[in-house]
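The structure appears right after this line, and notes come after that.
We did not get these values from a lab; they are worked out from the coordinates using the rules stated. This structure is a prediction, so every number in the text was calculated from the model and none was measured. Quick reminder, even Gly has a Cβ in these numbers, built from the backbone with ideal geometry, and neighbours come from all protein chains shown.
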Amino acid sequence: MSKKILVIEDTAPDQQRLLSILHNAGRPLQLITADNGVDGLAKARLHQPDLIFLDVLMPEMDGFCACRQLTTAEETRHIPVIIVSQKNQQADHVWAQLQGACTLIGKPYSDEQILAELARLD
């Protein structure tokens, strides 16, 4: 059974990089995308992904706000959220955890960092 991964990222090159890493992960994955927090929340509710990669700096709703809503809503709080962001100071890591994220991966990131988070699904 393939795992569903939701990538919420507004910058096309960053979204494509994540999708490329996931596509080449060597395992069956169903990849779903959203380009802002509002659309991401809706797609998380609709598709019930197994994992969410979430950017922070986005239009309409930032990633920290989206993360808080995802991790507190009954229908999505079971879904692990990994924040992927240029905001990579210690305070950002603490804030991400306070919003319910499993972890924050700073940009630029390595393929291995993304694949390590994917491996946690097993």
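Assorted remarks:
- Expressed to the nearest 5 percent, the antiparallel share of DSSP beta bridges inside the chain is 0 percent.
- Efficiency of FRET from Cβ geometry, Ala91 and Leu46, R₀ 25 Å, rounded to 0.05: 0.15
- Approximating the spin labels as points 7 Å out from Cα along Cα→Cβ, the Cys65-to-Ala12 distance works out to 2.5 nm.
- Taking every Cα-Cα distance in region 43-102 and sorting them into 10 Å bins starting at zero, the pair-distance distribution P(r) comes out as 24, 58, 17, 1 percent.
- Shape parameters for the chain, alpha-carbon atoms, Rg then Dmax in Å: 12.8, 38
- Exposed loop sites are taken as GluC sites (Glu not before Pro) in a DSSP loop (any state but H, G, I, E or B) with at most 15 other beta carbon atoms within 10 Å; the longest stretch of the chain without one runs 1-59.
- Excluding exposed DSSP-loop trypsin sites (Lys or Arg not before Pro) (at most 14 other C-beta within 10 Å), longest clean stretch of the chain: 1-76
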